[in-house]
Every structure is written in structure tokens, then in C-alpha cells.
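First up is the structure itself, then whatever we jot down about it.
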Amino acid sequence: MPRYSAAEIEANWQKAWDEAGIFRAEPDPSRPKYYVLEMFPYPSGRIHMGHVRNYTMGDVIARHKLATGHNVLHPMGWDAFGMPAENAAMASGGHPKDWTYQNIADMRAQMKPLGLSIDWSREFATCDPEYYGQQQALFLDMLEAGLVYRKNAVVNWDPVDMTVLANEQVENGKGWRSGAEVERRELTQWFFAISDMAEELLEALDTLDDWPAKVRLMQENWIGKSRGLQFAFGLNDGPENFDRIEVYTTRPDTLLGASFVAVSPDHPLAKYLEKDNVDLAAFSAECRKGGTTEEALEKAEKRGYDTGLTVRHPFDTSWELPVYVANFVLMEYGTGAIFGCPAHDQRDFDFATKYGLPIIPAFLPAEDADPHLTEAYVPPKTEPVHYVSSFAGDTWQTGAEAIDATIDFCEANGVGQGVTKYRLRDWGLSRQRYWGCPIPVVHCDACGVVPEKKEHLPIRLPDDVTFDIPGNPLDRHPTWRHTSCPACGADARRETDTMDTFVDSSWYYVRFTAPRADTPTELAAADYWMNVDQYIGGVEHAILHLLYSRFFARAMKVTGHLPSSAVEPFNALFTQGMVTHEIYQTKDAKGRPVYHLPEDVTDGRLADGTEVEIIPTAKMSKSKKNVVDPIGIIEAYGADTARWFVLSDSPPERDVEWTAAGAEAAHKHLARVWRIASEIAEGVASASPDSDDALLREMHKAIHDVSTGVESFGFNAAIARLYAFTGVLAKSEAGTQAKREAARTLAQLMSPMTPHLAEELWHMLGGEGLIATAPWPVADPAMMKDDTVTLPVQINGKRRTEIQVPQDMPKDEVEAIALATEAVQRALDGGQPKKVIVVPGRIVNVVV
RNA sequence: GCGGGCGUGAUGGAAUGGUAGACAUACCAGACUUAAAAUCUGUUGGGCGUAUGCCCGUGUGGGUUCGACUCCCACCGCCCGCACCA
């Protein structure tokens with residue numbers, strides 16, 4: 001008997017699928033549609049195990065849906081703009097375009113052997129002019145709809161990548177890509193008006209039942225809704241045009257505990273005062289350059305500069321409070337100014353202690369509590385406390401009640417308004433880079449900023465650029481920026497900024513529904529295919545990409561590029577875990593760690609016998625040398641083995657540890673299935689198909705459990721059931737006919753995970769056509785049950801014995817049998833049970 | 001600091017409130033073999049016992065329940081996200 005040869009099988013069946021065109025997706029009203037999408041890859045040049053896991057999961061869903069009669073759309077493309085291409089060009093002198101397209105070709109070639117059920121006819125890269133030209137059209141429509149605007153703003157400047165970053169792209173004060181300390185610069189930039197949709201984006205999170213709660217929560221926190229009071233303190237003897245300081249607070253109930261007002265160094269008042277005050281200028285400069293990293297903030301002292309100015313308390317104009325410029329007040333949030341209440345905020349308490357400011361409690365735990373606090377008193381908002389003076393009758397209130405009462409009181413007395421604020425800021429999309437989608441506008445001396453005409457699109461990137469000096473090559477290109485004004489025809493300059501690459505990935509999922517359309521989208525196609533039914537990707541995109549996409553789906557509805565029925569882009573989201581591996585480490589002469597590749601380590605030793613230290617497990621990374629290359633695995637064992645392994649053992653949302661032993665075992669199992677099926681196929685069909693109840697039962701259980709597992713991302717449990725079924729099949733004494741049936745079902749159940757092997761088995765066992773399009777088997781609940789069932793019998797909740805009873809025996813008969821058992825009789829010792837619980841088909845519990 | 005999640009054999013992990021440890025790995029033993037590989041079979045939570053069997057066991061302590069890995073409370077540990085957000 002020949003051995004299981006994955007290489008041969010896999011190439012053959014990929015060809016067969018290709019020729020049959022079964023993964024080509026076209027609208028078909030006779031079948032329910034199903035759009036499954038994995039987050040498309042950045043073309044780095046090499047696929048890794050994370051890709052394999054991600055795409056395999058999507059493929060299992062897609063193939064299962066195809067077999068259950070759905071019209072499946074399962075596309076693939078390339079998130080192809082971005083810095084690495086430019087960095088590569090700078091390092092090696094090539095062109096980002098060549099580098100990117102070569103990488104795409106390489107990665108496509110590496111991906112194809114995986115046998116994914118992808119409609120490759122819909123493939124595109126975001127750097128194709130056909131794609132980014134449509135993105136420019138979309139941009140112009142958004143501009144017209146007021147969803148994009150230009151403003152002068154303090155932005156995050158990445159000094160290494162020499163470009164602006166969105167707030168979401170700054171992590172702990174560092175650029176998300178370069179890791180460089182982000183600087184603050186004032187520039188005129190383009191912004192998407194995402195914050196206008198803050199409330200809608202927040203509210204709609206509740207409708208995303210099939211998203212991980214964790215991701216919804218992260219977005220909720222990011223949007224950061226808060227309700228508070230905005231009001232002003234009157235300023236005494238302020239400079240011209242400054243007669244008040246607006247503040248925002250979420251704890252207006254602490255107003256009577258106010259002891260100072262502090263403004264940000266970037267507040268207009270501070271900036272004004274700075275002009276004539278060298279000390280303040282120096283203080284502010286110090287604050288601005290201070291790092292914004294976590295440690296820096298933790299350690300940074302809360303410092304203030306006393307401006308000498310005072311403000312009047314809104315409820316008692318004779319009550320004067322000092323005005324400070326303080327390093328911890330952010331211009332970006334609220335009004336850039338706060339009032340400090342040391343009694344109920346630890347940071348304010350520290351500040352007040354340092355500068356000798358009064359600490360006045362607005363409320364206390366009890367009427368007779370000591371008002372001299374040694375630290376800030378901050379009870380939960382739901383806990384009733386005693387207010388020293390109340391804005392609403394009752395002096396015993398919870399914080400939440402007092403806040404509402406205070407806002408009502410202030411509004412009634414014209415002191416301020418209750419306002420809702422969001423932490424979410426508008427999305428700055430301008431990037432001073434070459435390898436991105438050009439922003440299609442023109443700067444004209446006479447007309448100002450003018451949108452490019454749609455018939456001029458795409459505004460193509462010039463090919464003749466150099467990367468020998470830092471900065472944006474578009475800026476210094478000799479001719480590219482020179483153009484004429486679309487409005488008046490005079491000489492004008494093109495915008496040289498390009499779009500953030502997150503724009504590209506914010507609408508690609510719609511483009512897949514009509515990838516060659518000469519408008520950004522085709523309404524009919526979008527209407528048919530959208531929304532994405534199942535989206536799969538890494539949790540690292542929980543905020544950026546997913547929030548931007550949710551914004552874009554709404555924006556595209558406004559501009560008419562999506563039907564009004566569309567609301568959310570992704571009905572269901574699954575965030576899969578990473579593929580990890582042990583790290584092998586030795587130390588060099590100086591005690592520094594040296595890492596070793598998995599293939600260089602055998603039984604914990606290097607080839608020369610040196611013992612390596614095994615560091616448990618971590619995400620695969622080049623620097624730690626714990627990367628297992630999927631290509632090597634596919635060559636050694638075949639794609640089906642790689643696919644089977646990444647799905648087994650660990651639940652898909654958790655990390656899975658790649659082990660050589662596990663991969664080996666996966667391959668052995670597939671070879672075993674192949675062997676079992678071959679033997680069955682070669683067996684002479686017996687005239688009388690001897691059935692085997694145990695086999696049939698296991699088969700129907702497998703159908704049920706695998707179907708459920710595949711539908712609910714329980715791939716590991718589905719695979720466990722398949723192992724069990726295989727074991728029963730191998731041992732079955734049934735006639736060849738019955739075994740053939742069972743083996744065919746096994747092949748079908750395995751087909752989403754190991755599609756090539758499944759086709760081979762199907763073919764071997766005489767299945768009709770392709771297994772990929774064969775109807776998915778249906779479990780018969782009646783067949784899953786045994787005629788008799790083993791019931792555990794508990795005495796006082798502890799399992800003592802078991803009984804065999806017919807499946808449908810009435811409760812009282814089961815009870816009688818249970819009571820008659822030796823174990824129960826012994827426990828009763830002649831007495832009567834206090835209680836007997838019989839759960840049919842489950843358990844009997846006797847309480848004595 | 002705020003928010004969320006997770007703690008089960010040597011290991012990855014199963015388990016609608018109903019036989020804890022499915023399935024796999026690893027280990028051990030056996031069959032086949034001159035031998036090895038491959039394959040097949042069996043054992044494996046801890047303890048006591050010749051044995052029918054008994055006791056303990058899902059991070060710790062308590063609670064609800066006939067019955068708790070599962071629900072509730074407190075604590076311990078680990079992981080993740082956000083964070084000078086007023």
C-alpha cells in the first residue's frame with residue numbers, strides 16, 4: 001500500500017478546485033450569502049504561522065458554509081502601502097513599488113499551497129492605482145459631505161519616521177511603528193470627523209453581540225464618554241480679553257471644596273502670560289518637553305506655577321482662588337483648565353499640600369467626621385455620603401445623585417451647563433510620506449485648497465523618486481507637485497501629503513464586493529454581500545482598524561457608497577490568539593543571551609552538545625529566533641498537517657504553542673486516517689452491510705459535535721471528537737459497506753480542516769464529485785443515543801455506583817433500580833432515603 | 001489608579017449546575033522485528049488497601065444547592081487593555 005503523500009495529493013486537488021472554479025463568488029439569490037474575511041496581510045515578503053492560523057480558521061468557516069449550501073465570499077488582498085517599503089528602499093536603494101509587488105508575488109506563492117478556498121479573482125493590493133484612485137474619489141465625496149476637513153492643530157510628530165501620527169498610533173508617548181519619542185508640532189493637517197460620530201459609535205457597540213466583549217469594552221473606553229459640568233470662574237484683573245476661565249468637571253458636587261484653578265501650559269491664558277514672563281515661559285517649556293512615557297508620568301512631580309492671578313468662586317464672588325499653570329493639565333481634554341479639589345482627589349491633595357493650599361471637604365463619611373483629612377476622601381459614586389452643604393435639600397446623597405442635583409442647580413442659576421464629552425479625537429490622516437495614497441487636493445494662491453476633479457483621478461504616485469535623504473520624496477520631486485488649479489486654471493501646487501495607511505484598510509472589505517468597479521463601490525454588489533458575516537484577526541486591531549472601519553461604514557452610507565441598510569461593517573468578529581514557541585537560549589562569554597533556532601536544537605542540546613536553557617514560550621519573533629517557518633512545515637508534512645495542528649489543542653482565541661512533537665503527531669494522525677481509509681477502500685464490499693451500532697452512534701455524535709464546533713469556533717473540541725471517531729472506526733468490526741459510509745462521513749467532517757486529504761479519501765471511497773461541494777452531513781439525534789444508558793448513582797452528592805437502564809425508562813423505575821443497588825442499600829442501612837433526585841439520562845442522587 | 005480576563009494531571013487542554021481530567025502530548029509496559037524505525041495494544045491525578053473498596057483532589061477560605069471546575073462573597077497569584085481624562 002502506498003504511503004500518505006501530502007505533496008502529491010495537495011497539488012492535485014488544488015488544481016481540481018481551480019479548474020472547477022468552486023470558490024468563485026457571484027451573487028446568487030437562490031442561496032443565502034456568507035461573507036467570511038480574515039484581516040488582509042501586509043506584504044512583508046514571508047508568511048508566518050500567525051497567518052496560517054488566521055487563514056485556516058477563516059477557511060474552515062468558509063468551507064463549512066459552502067458545504068451547508070451558502071454562497072460564500074472569501075477574498076484575499078494586500079494592505080500594501082506603508083513605511084517598511086520605504087525603509088527597505090532607503091536601506092537597499094530599490095523602489096518601494098518593486099519591493100512591495102515582489103513581496104506580494106512571493107507571499108501569494110507561499111499562501112497558495114495552503115489550499116485556502118479563496119476567490120483569487122477578486123484579489124487587489126491597496127497600492128494598485130485602481131484601488132487608491134477609488135479611495136481618492138471616496139475622499140472627495142467625504143470632503144463634500146463635511147466628513148473630512150483641514151485644520152491647524154498640535155499633532156504628534158514622529159521624528160524617526162518624519163511624519164505625523166494619529167492619537168491612536170501613539171503608545172506611551174512613542175510612535176507605534178518607530179518607537180521614537182513623539183514630539184508636538186503645530187501643523188495644518190487633514191482630519192476625519194470621527195468624533196462627530198462618537199455617540200453613535202458608542203451606542204452601536206451594544207448591537208455587536210457577536211464581537212468579543214473585550215473589544216467592545218476597549219472601544220467604549222477609547223471613545224471615553226463622560227458627563228459633567230462646564231462653567232467659568234470669573235478672572236480678577238486678567239489681561240485683556242481674558243475675563244474668565246472655563247473649566248470642565250465630572251465631579252461638580254465637589255465645587256464647594258475647590259481650592260485652586262490650574263490651566264495647561266498650552267492654554268491660551270498661559271501662552272499669553274508667557275510672553276511677558278520669562279520664568280513662566282521656562283516653566284512651560286519644561287512641561288512641554290517632559291516625556292509622556294508611563295514611567296515619566298508616574299515619577300513626574302505634580303508641579304505648578306503660581307500666576308499671581310485669582311478667580312472668583314461662582315457661588316461666592318468674595319471667595320478667591322489662585323490660578324496656577326500646572327504640568328498635569330492637558331490642553332487636549334475638556335477645556336484645558338480644571339479646578340482643584342484636594343479633599344476628594346489625591347492628585348489635587350498632593351498639589352495642595354505642596355503649595356500650602358486649603359483642603360476643604362465638600363462631603364464626609366459622617367456628619368461628625370473629622371474634616372481635617374490626611375489624604376483625599378474618594379468614595380464610590382454609589383455610596384451615600386454626608387454633604388457639608390447640599391445643592392438639593394438632602395445632605396445625605398450618593399455622589400451620582402449629588403452630581404445630577406448640582407448640574408440642575410447650576411443650570412437653573414446660570415452658572416454653567418451639563419455637557420457630555422468624549423475622549424475620542426478626530427482622526428488626523430495626513431502623512432508626510434511617499435508610499436501612500438496621495439491626498440487629491442490642490443493648493444491655489446487664488447482659490448485656496450481646491451479638490452481635484454474626479455476625472456483626473458487617480459492622482460498617481462510618481463515612479464522617479466529617491467530615498468537618499470530623509471523626508472518626503474514627493475515634496476522635493478522636481479515636477480510632480482506642479483499642476484494647475486482645478487477651479488481657476490492658474491499654476492498651483494499639489495498636496496504632497498499622503499493618507500494614513502489605516503484609511504486603506506478602512507473600506508477594503510467593501511471593495512472586495514466589486515473589486516473592479518470604476519466607482520469606489522457598486523451599490524448592488526455591496527447590498528448583496530455586505531455586511532461581513534464573520535471577520536477574523538488579531539486583537540491588536542481592537543481599536544485602530546476596527547474603530548476606523550466602523551466610522552468608514554457610516555461615512556460611506558452618508559456619501560451613498562453603501563446602502564442605507566448597512567450599519568456595521570462586521571457582524572461577527574473573532575480575535576484569534578498567537579502562535580508561540582519555546583525560546584532556546586545560551587549565554588556568551590559576557591553572560592549575554594544568545595538565541596538558537598528550533599531546528600538547531602535536539603533534545604535540549606545544540607549539535608556540539610551544549611545544553612540550552614529553555615525559556616517557556618513567547619510570540620514567534622525573529623530576534624528571539626523562535627520562529628517556525630510554515631513553508632518548511634508544508635514541505636516536510638504538507639499543508640493539511642499544518643492546518644490540522646494550528647487548529648487542535650488550544651482554543652482558537654488563546655495562544656497555541658507550536659511544538660515539533662505536536663506537528664509530528666498531527667501528521668501521524670492524518671497518515672493513520674489515510675491508512676484506515678485505504679484499507680476500507682480496498683476491502684471487498686460485502687453483500688450484507690453489517691451495521692455497527694457503536695460506529696453509527698459515534699458517527700452521529702461526531703457529525704453533531706464537529707458541526708457545532710465549527711460553527712462556534714470550537715475547533716479544538718471538534719478535532720478531539722474526530723480523533724475519537726477515528727479510533728472507533730479503526731476498531732469497528734462492521735461490514736465494509738458500513739465502514740465505507742462512516743469513512744466517507746469522517747472525510748466530510750475533516751474536509752474544512754484538511755481539505756486535500758478529505759478530497760483524496762472521498763475519491764478513494766467512491767464519493768461523487770468534489771467533497772468541497774458535497775452537502776454537509778446531518779446528525780440524527782435518535783442515532784446519537786444508545787438504547788441503554790449508564791447512570792451514575794450518587795449518595796449525598798458523591799458518586800458511589802452506576803446502573804444500566806433503558807434510555808427512556810420512567811423516573812420511578814430508575815429510582816427503584818438505583819435504590820436496590822448494594823451501595824445504596826448499605827448507605828440506607830435499613831432506613832428510608834430523605835430524598836431521591838433522578839435527572840433522566842444524567843444522574844441519580846440519593847440523599848440519606 | 002481604572003477596566004477586563006484567567007488559575008483543572010508532567011504538558012496543551014475537555015466538561016448546557018449532573019460520572020472532573022474527553023482528545024492529544026509526554027512517560028511507562030507489552031506485541032510485531034535479528035534490531036531499530038514505523039505500526040498496534042495497554043497503563044498513568046494523589047494516597048491507603050491483597051481485594052470488594054475507601055479517603056483526598058479543579059489557586060485559598062467561606063457561602064448557595066440534593067449536587068459546584070461551573071453560581072455568589074472575600075483573598076492570593078498571573079495575564080491583558082487604558083491611564084496626569086479633571
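Among the residues of region A:607-661, those identified as modelled with pLDDT of 85 or more, within 16 Å of RNA strand B (Cβ to nearest atom) and more than 25 Å from A:E540 (Cβ to Cβ) are A:A636, A:Y637, A:G638, A:D640, A:T641, A:W644, A:A660, A:A661. Note on region A:98-135: residues that are in a helix (DSSP H, G or I), of a type outside the set (G, A, S) and under 29 Å from A:A526 (Cβ atoms) amount to 16.
Results for (1) open to solvent by less than 40 Å² (accessible area, probe 1.4 Å); (2) assigned to a loop (DSSP other than H, G, I, E, B); (3) out of contact with any Pro (no Cβ under 7 Å at 6 or more places or on another chain); (4) modelled with pLDDT under 85, shown as yes or no for each residue.
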| residue | (1), (2), (3), (4) |
| --- | --- |
| A:A671 | yes, no, yes, no |
| A:E679 | no, no, yes, no |
| A:L695 | yes, no, yes, no |
| A:E698 | yes, no, yes, no |
| A:K701 | no, no, yes, no |
| A:V710 | yes, no, no, no |
| A:R721 | no, no, yes, no |
| A:A730 | no, no, yes, no |
| A:A734 | yes, yes, yes, yes |
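So that you can scan it fast, the table gives a plain yes or no per residue for (1) under 29 Å from A:F502 (Cβ atoms); (2) at pLDDT below 90:
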position	(1), (2)
A:P365	no, yes
A:P384	no, yes
A:A402	no, yes
A:G428	yes, yes
A:Q432	yes, yes
A:I439	yes, no
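Go through region A:14-43 and count every residue that is surrounded by fewer than 16 Cβ atoms within 10 Å (Cβ to Cβ) and either touching a strand residue (DSSP E or B) at 6+ places or on another chain (Cβ under 8 Å) or in a loop (DSSP other than H, G, I, E, B) (or both).
Taking region A:14-43 and keeping what is surrounded by fewer than 16 Cβ atoms within 10 Å (Cβ to Cβ), we get A:15-16, A:18-21, A:24, A:26-32.
Restricting the remaining residues to those that are either touching a strand residue (DSSP E or B) at 6+ places or on another chain (Cβ under 8 Å) or in a loop (DSSP other than H, G, I, E, B) (or both) gives A:21, A:24, A:26-32.
Count: 9.
Taking the stated definitions as given, is A:F725 within 16 Å of RNA strand B (Cβ to nearest atom), free of Cβ contacts under 8 Å to residues at least 40 places away in the same chain and either open to solvent by 10 Å² or more (accessible area, probe 1.4 Å) or among the aromatic types (F, W, Y) (or both)?
Values: within 16 Å of RNA strand B (Cβ to nearest atom): yes; free of Cβ contacts under 8 Å to residues at least 40 places away in the same chain: yes; either open to solvent by 10 Å² or more (accessible area, probe 1.4 Å) or among the aromatic types (F, W, Y) (or both): yes.
Against the criterion (within 16 Å of RNA strand B (Cβ to nearest atom), free of Cβ contacts under 8 Å to residues at least 40 places away in the same chain and either open to solvent by 10 Å² or more (accessible area, probe 1.4 Å) or among the aromatic types (F, W, Y) (or both)), A:F725 qualifies.
Residue-by-condition table, conditions (1) open to solvent by 60 Å² or more (accessible area, probe 1.4 Å); (2) under 30 Å from A:V170 (Cα atoms); (3) modelled with pLDDT of 95 or more:
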site: A:P478; (1), (2), (3): yes, no, no
site: A:D504; (1), (2), (3): no, yes, yes
site: A:Y509; (1), (2), (3): no, yes, yes
site: A:R516; (1), (2), (3): yes, no, yes
site: A:W529; (1), (2), (3): no, no, yes
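For the subset of region A:453-506 comprising residues that are among the polar types (S, T, N, Q) and assigned to a strand (DSSP E or B), which member is farthest from A:Q432 (Cα to Cα)? Within region A:453-506, the match that is farthest from A:Q432 (Cα to Cα) is A:S484.
Considering each of A:D649, A:D588, A:D608 in turn, give the residue that is touching a residue at least 60 places away in the same chain (Cβ under 8 Å) and among the acidic types (D, E). Of A:D649, A:D588, A:D608, the one residue that is touching a residue at least 60 places away in the same chain (Cβ under 8 Å) and among the acidic types (D, E) is A:D649. Every listed requirement among (1) open to solvent by 70 Å² or more (accessible area, probe 1.4 Å); (2) more than 10 Å from RNA strand B (Cβ to nearest atom); (3) in contact with a Leu (Cβ under 9 Å, 6 or more places away or on another chain) is met by A:D787 save one, (3).
Taking A:D368, is it within 15 Å of A:F260 (Cβ to Cβ), open to solvent by 70 Å² or more (accessible area, probe 1.4 Å), among the acidic types (D, E) and not in a strand (DSSP E or B)? So A:D368 does not fit the description; no.
Every listed requirement among (1) within 15 Å of RNA strand B (Cβ to nearest atom); (2) open to solvent by less than 10 Å² (accessible area, probe 1.4 Å); (3) within 44 Å of the chain's Cα centre (by Cα) is met by A:V793 save one, (3). For region A:252-259, the criterion of a residue being assigned to a strand (DSSP E or B) and buried (at least 22 other Cβ atoms within 10 Å of the Cβ) is satisfied by no position.
For region A:157-172, the tally of residues that are more than 14 Å from A:M83 (Cα to Cα) and either modelled with pLDDT of 75 or more or not in a strand (DSSP E or B) (or both) stands at 6. Here is the figure for region A:152-187: residues that are of a type in the set (A, V, I, L, M, F, W, C) and either more than 26 Å from the chain's Cα centre (by Cα) or open to solvent by 70 Å² or more (accessible area, probe 1.4 Å) (or both) total 6. Given the structure, is A:T406 more than 15 Å from RNA strand B (Cβ to nearest atom), at negative phi and either surrounded by fewer than 23 Cβ atoms within 10 Å (Cβ to Cβ) or not basic (K, R) (or both)? No.
Can you name the residue in region A:612-638 that is of a type in the set (K, R) and farther than 13 Å from A:D600 by Cβ and is also most open to solvent (accessible area, probe 1.4 Å) among such residues?
Quick first cut of region A:612-638, residues of a type in the set (K, R) only: A:619, A:622, A:624-625.
Then keep just the ones that are farther than 13 Å from A:D600 by Cβ; that gives A:619, A:622, A:624.
On the way: A:K619: 122, A:K622: 186, A:K624: 74 Å².
Only one residue fits best here, namely A:K622.
Is it the case, given these coordinates, that A:I837 is open to solvent by 60 Å² or more (accessible area, probe 1.4 Å) and in a helix (DSSP H, G or I)?
Working: open to solvent by 60 Å² or more (accessible area, probe 1.4 Å): yes; in a helix (DSSP H, G or I): no.
Criteria not met by A:I837.
Out of A:Y132, A:Y149, one residue alone is open to solvent by less than 60 Å² (accessible area, probe 1.4 Å) and within 20 Å of A:G428 (Cα to Cα). It is A:Y132.
Quick check on this structure: which one of A:A62, A:A67, A:A88 is open to solvent by less than 40 Å² (accessible area, probe 1.4 Å), over 19 Å from A:I631 (Cα atoms), at pLDDT below 95 and not charged (D, E, K, R)?
Numbers: A:A62 fails: at pLDDT below 95; A:A67 fails: at pLDDT below 95.
Step by step, each of A:A62, A:A67, A:A88 is checked, and only A:A88 is open to solvent by less than 40 Å² (accessible area, probe 1.4 Å), over 19 Å from A:I631 (Cα atoms), at pLDDT below 95 and not charged (D, E, K, R).
Looking only at residues in region A:203-257 that are small (G, A, S) and within 28 Å of A:I338 (Cα to Cα), the one that is nearest to the chain's Cα centre (by Cα) is A:G224.
Table: residues versus (1) away from RNA strand B (no atom under 12 Å from the Cβ); (2) over 30 Å from A:S712 (Cβ atoms); (3) not in a helix (DSSP H, G or I).
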| residue | (1), (2), (3) |
| --- | --- |
| A:A137 | yes, yes, no |
| A:L143 | yes, yes, no |
| A:V155 | yes, yes, yes |
| A:W190 | yes, yes, yes |
| A:A198 | yes, yes, no |
| A:A204 | yes, no, no |
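When residues in region A:796-833 are screened for being open to solvent by 60 Å² or more (accessible area, probe 1.4 Å), more than 8 Å from RNA strand B (Cβ to nearest atom) and part of a loop (DSSP other than H, G, I, E, B), 6 of them pass.
The values are calculated or read from the model by the stated rules, or taken from the named source; none is laboratory data. Every value quoted in this text rests on a predicted model; they were computed, and no experiment measured them. Backbone-built Cβ (ideal geometry, glycine too); neighbour counts: all protein chains shown. Heads up: the accessible areas ignore ligands, DNA and RNA and are worked out on the full protein's heavy atoms, side chains in. Shrake-Rupley method; radii C 1.70, N 1.55, O 1.52, S 1.80 Å.
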